[in-house]
Amino acid sequence: MMTRTRPSRVLSALRARPGEAPLLSDGAGGIDARQLLAQVDALATTLRARGVRVMATQLDNAPYVLALDLALHCADAVHVPLPTYFSPAQRAHVLAVSGADHFLGASAPGPSWCDAPLSAASCWRRDVTAVALPRGCDLISFTSGTTGQPKGVCLTRADMETVAASLVEASAALRPRRHLCVLPLATLLEQIGGLYAPILAGAHISVPTLAELGYSGAAGLDVACLLRCLHRHRPDSVILVPQLLSALVAAGEQGASLPDALRLVAVGGGRVGSDLLRRAQQLGLPVFEGYGLTECASVVCLNRPGATRPGSVGQALSHAHVFVAADGELMVDGVRMIGYLGEPPLPPGPWRTGDLGHVDDAGFVHVRGRRRNVFITAYGRNVSPEWVETELTQQPAIAQAMVSGEARAFNAAVLVARDAEVGDDELQAAVSAANCRLPDYAQVGAWLRAPTPFSAAQGTLTGNGRLQREAIAARYADAIAALYDTAFPSNQRTETA
């Protein structure tokens, strides 16, 4: 096996694993560590022979993705994984700024690329001027962002594997032995928590395709299909984003059979909300909320057995230290990126997360929302919209919500109903229930119903499910304005700007 100058904990764990121990399965078959290492060796030989420097991939979930990722490390090449939901324009941007000379995906990304098959995958290459990358860069993870083009976060394998080792330590009491990859493998959270961590823990990994999991398009999900996949693979652990947890909880409350083998359901990528957690626990789902950032190589905090506090995102993992700056912003010391692609090197010191929150006396971290999203009402009260949106989407009738109220006498919301059968009266009852949990200045005074769900395809969600606030506000600008015009006719309305 060829090894890179910089060692890899994951490769070391694979070499130490018994040769016949099952490692990866995709529903059609499985491979052990010895077979995976042989595949990595063969791929690395080919990559070196071709002189691959930067390889971008846009692939479905499959064991091959892990083999390729490890082979790129062995071949001293940089991996640029792209989610399948990235648009052609986003993909073109990533390929341009990363200087990728090879691309694996369903089709050629442009006329300048030549066919260059690689193993069982479709591959293309091009001649391109090398882009200057930060020293030690092993992987570039492109955040989908809430505005503008995706930004490339440059990470080292050592840092990513340090986070994975911390996750193994944090989940040791539960000893999950079988993990099901539910998120796309191009997602940094699944790559570190769903591939690297289980390998370090000696666990088995199930990697069904995205279609088998029930995904369709940029935002579609067949919950019944996902449930069938969970029952078929019977995992001990899964990683979910809040939208997936909400969908599973809603299905369980409607009588669907939920998997009974789960020991760890880690949830991150956005605010979860205490009511959703309570409903999940009532259904027997062992949910543990966490928090992380791509810039900090994914997971920073996680609730865990013996150290759980509702309303928090858990205590910091062993590799990280979280504290609060004087202005209320959460700061993270420890593992962090080596820089943004194409930007000057980062100065030393902790990372400013952009999130507001606090750390309680027991070290549990509480996140209120993004600093840049906070708005100030006409009465001078600061409101974090994520806080209000979380209360709204914890109501079974509401699937998605976007709240605004800058310089206004009351807050307005754009709501997406859980399904077409939910009537306006039911939505109003849900808003009223959420308002009962909020102080008066944060309550929703008026709302409108969006005719279609927010989605990445229509530009109202980022690829990983976060609201594109400016896009939603622009799309429903006239309808939102009408809510305020109805409450304050032009001859009575008070100017608040």
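The values are calculated or read from the model by the stated rules, or taken from the named source; none is laboratory data. The model shown is predicted, which means the values in this text are computed figures rather than measured ones. Backbone-built Cβ (ideal geometry, glycine too); neighbour counts: all protein chains shown. The protein model used for the area step is the full one, side chains on, heavy atoms only, and it has no ligands, DNA or RNA in it. Shrake-Rupley method; radii C 1.70, N 1.55, O 1.52, S 1.80 Å.
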Enumeration of residues in the range 285-321 that are open to solvent by 20 Å² or more (accessible area, probe 1.4 Å), closer than 29 Å to LEU438 by Cβ and more than 16 Å from the chain's Cα centre (by Cα): PRO286, THR308, ARG309, PRO310, GLY311, GLN315, ALA316
Applying the selection to the range 471-493, what residues are open to solvent by 50 Å² or more (accessible area, probe 1.4 Å) and at pLDDT 90 or above? ALA474, ARG475, ASP478
Of all residues making up the range 284-311, the number that are of a type in the set (Asp, Glu) and without any contact (Cβ under 8 Å) to a residue 60 or more places away in the chain: 1
Please work out if ALA250 is at pLDDT 95 or above and out of contact with any helix residue (DSSP H, G or I) (no Cβ under 7 Å at 6 or more places or on another chain). no
Can you find even one residue in the range 227-235 that is open to solvent by 40 Å² or more (accessible area, probe 1.4 Å), without any contact (Cβ under 8 Å) to a residue 24 or more places away in the chain and part of a helix (DSSP H, G or I)? yes
Which of the residues belonging to the range 151-179 are open to solvent by 10 Å² or more (accessible area, probe 1.4 Å), touching a Gly at 6+ places or on another chain (Cβ under 7 Å) and within 21 Å of MET337 (Cα to Cα)? LYS151, THR156, LEU167
Name the one entry in ARG271, ARG278 that is in contact with a helix residue (DSSP H, G or I) (Cβ under 7 Å, 6 or more places away or on another chain), closer than 30 Å to ALA430 by Cα and basic (Lys, Arg). ARG271
Just a yes or no: is a residue in the range 180-195 of a type in the set (Asp, Glu) and open to solvent by 20 Å² or more (accessible area, probe 1.4 Å)? no
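Here is a yes/no grid of residues against (1) at pLDDT 90 or above; (2) open to solvent by less than 40 Å² (accessible area, probe 1.4 Å); (3) more than 17 Å from ILE480 (Cα to Cα):
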position: ALA378; (1), (2), (3): no, no, no
position: GLN395; (1), (2), (3): yes, yes, yes
position: SER404; (1), (2), (3): yes, yes, no
position: ALA407; (1), (2), (3): no, yes, no
position: ASP419; (1), (2), (3): no, no, yes
Test: residue in the range 441-461 that is at negative phi, touching a Pro at 6+ places or on another chain (Cβ under 7 Å), buried (at least 16 other Cβ atoms within 10 Å of the Cβ) and modelled with pLDDT of 90 or more: no
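From the list ALA247, ALA261, ALA251, ALA266, which residue is assigned to a loop (DSSP other than H, G, I, E, B) and open to solvent by less than 40 Å² (accessible area, probe 1.4 Å)?
ALA261
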Condition first: in contact with a strand residue (DSSP E or B) (Cβ under 6 Å, 6 or more places away or on another chain) and open to solvent by 50 Å² or more (accessible area, probe 1.4 Å). Can you find one or more residues in the range 127-150 that meet it? no
